[in-house]
Structures are given as structure tokens and as C-alpha cells.
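Just below is one structure, and these are the notes that go with it.
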Amino acid sequence: MKETAVSIKNVSKSFKLPTESTNSLKRLIINAVKGIKGYREQQVLKEISFDVYKGDFFGVVGRNGSGKSTLLKIISQIYWPESGTVEIDGRLVSFIELGVGFNPELTGRENVYLNGAMLGFSEKEIDAMYEDIVSFSELSDFMNQKLKNYSSGMQVRLAFSVAIQAKSDILVLDEVLAVGDEAFQRKCNDYFMQARADKKTIILVTHSMEAVRKYCNRAVMIDQGKIKVLGTPDEVANQYSLDNVVQAGNDALAATKSESDRELSSIENLTVRLLSPEILTGENRTVEFEVSYDVTRAIDTYLAFSLTDIDRSFWMYNDNSQEHMLKGTGHKILRYRCDLKSVNPCKLALTVSVRDDAQRPLAFNRPDNSPVIMVAPDENLNTSRRDAASGVLTADGVWEID
């Protein structure tokens, strides 16, 4: 049985956001009589439950506003949950926001002792840690200067050095990899690799899926205040990357909605439906989709499509053959299947168009009906990177026509 370091059970948290400014007792009484609250309630976390075991390097990911930083503040006992419980077994030290526990008018040395005292250490304990803190931060020439004269990178070095030298049982870090210079990030990397080898319990919030895969052994994805995925680093990182691509497509649709509707009167109800999983893992890397549309004029049509590598902006696969020409009006349904086993990890956007016998495009699927397919990393598959200049993947696809 694994020992639990942090146990979170059914945690919920909301905040009251004012909708109007009430500067007088009269207005407050009037609002109370009329039943006007003067605020709206924002539910940030909803029934969150998971355990972090001793020795875990546990990742917490989510889009901005998802509730992950609020969750870390509850774990760090900065906020209290409205419902649910958080149980901590051991001494916990958190590095959540730059500047918390530091006074800009004090020197670097004085801030080390101030922050150490806030973490619950005695002066004698801080004396024992002081040289290690200064050595890691590489700020020995600046410890007698006031903190307000430090750059933000220097402040990060000092705060992070205090946090990791505190010899805690559990270390909570929020976005530490997003700040600091390259040399500091290398130090973070070395520390994290050693901490993982030493089985130190660390909870890390990050937007870097590379960091999740590299350091973490377990992770959770928070989405709109709820747990969306709780599992391995690959499972969480894949879902997070996929959701970001889909959201980017939806944002682009909202910005260009009037320009994106290119369907002509001869083609209606063009719909693309992904039949295979959005995330292709392991050896099963077959992508399959169905396309349906209605033809209102007596013309011949066929389907063309492309799978575009989103990050590198080139066609990974393109099919514009006219082998399956469909004649006349009516409802058309086609399915396509091909194997992507030889493709490196990537995110692919599926774009489909209906064309006439002169290869002229008559309709395109809209951005909100453009599936995204993620080919996930797999160490067991020996793949070779395709030439970005060629833009074509050699794969044999199969069409099925109803």
C-alpha cells in the first residue's frame, strides 16, 4: 500500500464577485430590501478528489482560469474550501507566487530569515540552511542589498532557493519553470531530476507538457473547476494539448465566422464525423472518419481532404483524387480509413472539401466541424520524421461509399 501525502476529498470553492459598488449604508439597506445581492458567485472548484502519494512527482495542468492555482492555495492552506477536506501528512512548503512572504524594503539576507520564519523554521534552523540557500541562488554579492533593487529573476532565484532548501516533506510549486533565465531553469531541471530520483513528494503546476512528461509520474487535468483526466503524464498531456488545439479552432471560428461560411447553394449540410479516437496511442494508429452532404443540383462531386500538421503548418497527408466521383443530387455518405503508424507524434487538423468534376471547391467543412487528431508519443514504435518540404505521407487509404 502506498502512503498518502496529500488527500483531497470532494473539495469545492467559490468566490463572490461584486457587480456594483456600494459606498453608503442607505444603498446597502435598499439593496437588501429589494433582494439585490450586489455580487455574483463564481464556482471555481467543484467536487475535486484525488490523492498524492509519498514519493509522487505530481503534475497539475489546466487552461488559465480552470481553478488549478486556487486548488494549490487550498492545499497550501492559504484558502479554505467551502466543502470537502484536505489532509496533509508531513511538513509542506509552497512556492506559489513571486513576492509572497518577502518585503522589498528588507535586504536579501533579512528576507531569507523572514520567509523562513513564515514557513515555521526557527532562527537556528535558518542559520543552518542559509549558506546552501545563498549558494543555490548564486546571489552572495547581493544579499545585503534591498530586495526592491533585485530583478524579477533574482527574486525568483532567492524565493525558490528558500523553498527547496527548507527540507520539507512536500513541496508545492506553481509555474516556477516559466520564470528565470536559462541558467536558473537548468538548475531547476537538475534539482527536479534529483528530487525524482530521491522520491521527494512534489506537486507542480505547469503549462509545459514537456515538463509533465519529463518529471511527473502522475498528473491531473482541471477543466472548468472539475477533474477531466487523472492518470499518467501521457494521458493528461495528450488531453491538454488536444483541448488547446480545439479551443484555438473555436476561437478562430468566433473571430472569422462570417468569412468561414463558404458553402454554396449546390452543397448543403456538409458534416465531418471522426469515427476513430481523437488521441491515437500504442500500435493502433488508424484514423477513420465519415463525411456526409446533400447535393441540390444535378452535378458530379467528389471529396478531397488533408491532414495538416498544426505545429509545423504543412500537409502531412493530402488526397485530391477523383477515383470516387458521385453523380447527381441526393444525400451522400463516405467513410475513409488509413494507417498513421509511421507518423511521428503530432497534432493533425482534418480539412474536407466537396469538389466538382473540374476540381473546383464547392464547400468546405467549417472550423467548428474540423476534427483534431493527436498522434501520441510511443517509445515502442520506431518512427522516422517526414520531410516537411514534401508535405505528403505515403499511406494507403481506403474509401467506403454508402
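Worth pointing out:
- Within the stretch 207-227, the set of residues being touching a residue at least 24 places away in the same chain (Cβ under 8 Å) and over 23 Å from Lys54 (Cβ atoms) comprises His207, Ser208, Met209, Asp223, Gln224, Gly225, Lys226.
- Filter result (in a strand (DSSP E or B) and among the β-branched types (Val, Ile, Thr)) within the stretch 217-239: Val220, Ile222, Ile227, Val229
- Pairing each residue of the stretch 120-137 that is open to solvent by 50 Å² or more (accessible area, probe 1.4 Å) with any residue that is in a helix (DSSP H, G or I), provided the two are 6+ apart or on different chains, yields C-beta distances under 6 Å for Asp132/Gln165.
- Residues in the stretch 153-160 include at least one that is without any contact (Cβ under 8 Å) to a residue 60 or more places away in the chain, open to solvent by less than 40 Å² (accessible area, probe 1.4 Å) and under 24 Å from Thr70 (Cβ atoms).
- Of all residues in the stretch 45-87, those being among the basic types (Lys, Arg) and in a loop (DSSP other than H, G, I, E, B) number 2.
- Residues of the stretch 139-152 that turn out to be in a loop (DSSP other than H, G, I, E, B), open to solvent by 80 Å² or more (accessible area, probe 1.4 Å) and touching a residue at least 40 places away in the same chain (Cβ under 8 Å), as a count: 0
- Unmet criterion (only one of (1) among the β-branched types (Val, Ile, Thr); (2) without any contact (Cβ under 8 Å) to a residue 24 or more places away in the chain; (3) surrounded by fewer than 20 Cβ atoms within 10 Å (Cβ to Cβ)) for Val86: (2)
Here is a yes/no grid of residues against (1) at negative phi; (2) at pLDDT below 85; (3) more than 22 Å from the chain's Cα centre (by Cα):
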{"position": "Phe121", "(1), (2), (3)": "yes, yes, yes"}
{"position": "Asp127", "(1), (2), (3)": "yes, no, yes"}
{"position": "Phe136", "(1), (2), (3)": "yes, no, yes"}
{"position": "Asn144", "(1), (2), (3)": "yes, no, yes"}
{"position": "Arg157", "(1), (2), (3)": "yes, yes, yes"}
{"position": "Ile203", "(1), (2), (3)": "yes, no, no"}
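- Number of the exception - Lys199 against (1) open to solvent by 10 Å² or more (accessible area, probe 1.4 Å); (2) in a helix (DSSP H, G or I); (3) at pLDDT 85 or above: (2)
- Just so you know, in the stretch 274-301 the residues that are open to solvent by 10 Å² or more (accessible area, probe 1.4 Å) and hydrophobic (A, V, I, L, M, F, W, C) include one that is farthest from the chain's Cα centre (by Cα), and it is Ala298.
- Qualifying residue in the stretch 385-398 (condition: polar (S, T, N, Q), part of a loop (DSSP other than H, G, I, E, B) and either at pLDDT 80 or above or open to solvent by less than 40 Å² (accessible area, probe 1.4 Å) (or both)): no
- Of all residues making up the stretch 64-87, the number that are closer than 21 Å to Met209 by Cα and in contact with a strand residue (DSSP E or B) (Cβ under 7 Å, 6 or more places away or on another chain): 7
- Residue list for the stretch 340-381, filter: open to solvent by less than 50 Å² (accessible area, probe 1.4 Å), of a type in the set (A, V, I, L, M) and in a loop (DSSP other than H, G, I, E, B): Leu340, Val343, Ala376, Leu381
- Test: residue in the stretch 103-112 that is closer than 21 Å to Arg186 by Cα, surrounded by 14 or more Cβ atoms within 10 Å (Cβ to Cβ) and in contact with a helix residue (DSSP H, G or I) (Cβ under 6 Å, 6 or more places away or on another chain): no
The values are calculated or read from the model by the stated rules, or taken from the named source; none is laboratory data. Since this is a predicted model, take the numbers as computed values, not measurements. Here Cβ is always computed from backbone atoms with ideal geometry, including for glycine, and neighbour counts include all displayed protein chains. The area values use the complete protein model at the heavy-atom level, side chains included, leaving out ligands, DNA and RNA. Shrake-Rupley method; radii C 1.70, N 1.55, O 1.52, S 1.80 Å.
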